[in-house]
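Working notes, structure below.
The values are calculated or read from the model by the stated rules, or taken from the named source; none is laboratory data. Note that the structure is predicted; figures quoted are calculated from it, not measured. Backbone-built Cβ (ideal geometry, glycine too); neighbour counts: all protein chains shown.
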Amino acid sequence: MFTKADSVKLYKVRKLITELSSKEGRGTELVSLYIPPKKPIHEVIANLREEWGTAGNIKSDTTRNHVQDALTKAMQRLKLYRTPPENGLVMFSGALPTNGPGSEVINLYEISPPKPVVAYLYQCDDHFHLEWLRDMLREEKVYGILAIDASDAGLGVLSGDRLEVSDLLTSGVSGKTRKGGQSARRYERLRDMELTYYFNRVGEHATRVFIDNEKVTGMIVGGPGPTKEEFLNGGYLHYELRNKVLVVLDTSYSGREGVRELVEKASDTLQGVRLLEEKKLVQRFLGEVNRQGGLAVYGLPRVFEALQKASADVVLVSDDLDMVRLEAKCRKCGTGKTEVASLSSKIQTKQEMASTPCTKCGNTDFDIAEMDVVDVLEDMAFQVGSKVEVISSGTEEGNMFRTFGGVAAILRYRAS
């Protein structure tokens, strides 16, 4: 399972997958390279040299040049490594168009994966092979959550930072108050039949959601009153799921609210689940924000300032922040200027930076580099011993955090 320390790495992997999944080459000229942690770099380079020679047999001049250029760029990058990183290395290299056919530029993407690469892979195709990287994002532990009472039931799946209420059922079981004209024994017999039918339905839905769809590794069961025990003891739950029940808890609610309550109450059992870690971080931040003189700031300028003063302990960033830092450097005198822009306004901001004369020499010829704000914050945090935590925007706490601009810091102390 991924831990807190991996949240930035996971953010980068997801972002890379999103960026590359739509990329296509003109032919089989996009190189995907997966290198296990113990694979000697010199062996990888030797293998790529052989592939470079084999590519010389490609009939199309354009495809041949693109493949060989992609391999050359990958080999040049690999020469910077003595050994692969702890989990190995993943590289994607290829000619990608910048403005239609004929405008291809060789791009190289590399990442240290969140899990160890288990086998060496070289693949040249018309698309990048991302499926192995996607597999690494799958949580090793997936929990089934069942909140049940005699009136309704909620089935949820907890995986990493995602809690999804997958199914809701109403029982249709009559209340315990007997209707007029029926004997007590007959009424109870009818109610027991309705309850049995309901329990069987819940069991069937649990099999579909927790075995057929998700293959959960553990179960949390709860609800108000004794219904949950009646359901479990009656053998209505599939034997595979019964063996995976980790804890049975009393809750105030069943159904959708009961699922959420169960996750909260089972926090000791679910230690290490990213959703709960994020919840604690956001609640800690909100507690400091709402306290007079609290140790928290929000908004990018104040977070940058806190990092520069080394007063930030933990930096929180929403995974949908979508901001970049643009750094323009005058080609004539080297004077630099920096702006932060959203992705939607990035091109306009670049144009404005390029057209505004250098404050030192008046030149309007600039080299402009861009960097994801999360990478900027990570670099700054590393320099002062702070941590960066990426918060999922798809959770209740994540939505609450976004109202503060999607970036904040919990402080070590209040800087003067």
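Tabulated data
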| item | result |
| --- | --- |
| Filtered residues of region 385-416 (kept if within 30 Å of residue 353 (Cα to Cα) and not in a strand (DSSP E or B)) | 402, 403, 404, 405, 406 |
| Number of the condition not met by residue 291 [criteria: (1) touching a strand residue (DSSP E or B) at 6+ places or on another chain (Cβ under 7 Å); (2) more than 22 Å from residue 385 (Cα to Cα)] | (1) |
| Restricting region 208-226 to residues that are within 14 Å of residue 262 (Cβ to Cβ) and surrounded by fewer than 21 Cβ atoms within 10 Å (Cβ to Cβ), the residue that is nearest to the chain's Cα centre (by Cα) | 218 |
| Meets criteria (of a type in the set (Val, Ile, Thr) and either assigned to a helix (DSSP H, G or I) or within 21 Å of residue 16 (Cα to Cα) (or both)) for residue 72 | yes |
| First in region 127-139 and farther than 15 Å from residue 35 by Cα and touching a residue at least 60 places away in the same chain (Cβ under 8 Å), second anywhere and surrounded by fewer than 16 Cβ atoms within 10 Å (Cβ to Cβ) and charged (D, E, K, R), Cβ under 6 Å, 6 or more apart | 127/24 |
| Answer from 44, 31 - the residue that is within 25 Å of residue 134 (Cα to Cα), in contact (Cβ under 8 Å) with a residue 12 or more places away in the chain, assigned to a helix (DSSP H, G or I) and among the hydrophobic types (A, V, I, L, M, F, W, C) | 44 |
| Some residue of region 287-297 being surrounded by 14 or more Cβ atoms within 10 Å (Cβ to Cβ) and part of a strand (DSSP E or B) | yes |
| Checklist (1) part of a loop (DSSP other than H, G, I, E, B); (2) at pLDDT 90 or above applied to residue 338, failing item | (1) |
| Which numbered condition residue 333 fails, given (1) of a type in the set (A, V, I, L, M, F, W, C); (2) buried (at least 19 other Cβ atoms within 10 Å of the Cβ); (3) not in a strand (DSSP E or B) | (2) |
| Among (1) in contact with a Ser or Thr (Cβ under 9 Å, 6 or more places away or on another chain); (2) exposed (fewer than 15 other Cβ atoms within 10 Å of the Cβ); (3) outside any loop (DSSP other than H, G, I, E, B), the one test that residue 86 misses | (3) |
| Verdict on residue 321 being buried (at least 17 other Cβ atoms within 10 Å of the Cβ), outside any helix (DSSP H, G or I) and not basic (Lys, Arg) | yes |
| Region 258-284, residues that are in contact (Cβ under 8 Å) with a residue 60 or more places away in the chain, assigned to a helix (DSSP H, G or I) and surrounded by fewer than 15 Cβ atoms within 10 Å (Cβ to Cβ) | 283 |
| Test: residue in region 46-53 that is in the same structural domain as residue 115 (by TED's automatic domain parsing) and of a type in the set (Gly, Ala, Ser) | yes |
| Residues that are touching a helix residue (DSSP H, G or I) at 6+ places or on another chain (Cβ under 9 Å) and among the hydrophobic types (A, V, I, L, M, F, W, C), drawn from region 324-374 | 324, 326, 328, 340, 341, 366, 368, 371, 373, 374 |
| Identity of the residue in region 120-150, of a type in the set (Gly, Ala, Ser) and touching a strand residue (DSSP E or B) at 6+ places or on another chain (Cβ under 7 Å), that ends up nearest to residue 265 (Cα to Cα) | 147 |
| Per-region count, region 382-416, residues touching a strand residue (DSSP E or B) at 6+ places or on another chain (Cβ under 8 Å) and either within 21 Å of residue 273 (Cβ to Cβ) or among the charged types (D, E, K, R) (or both) | 15 |
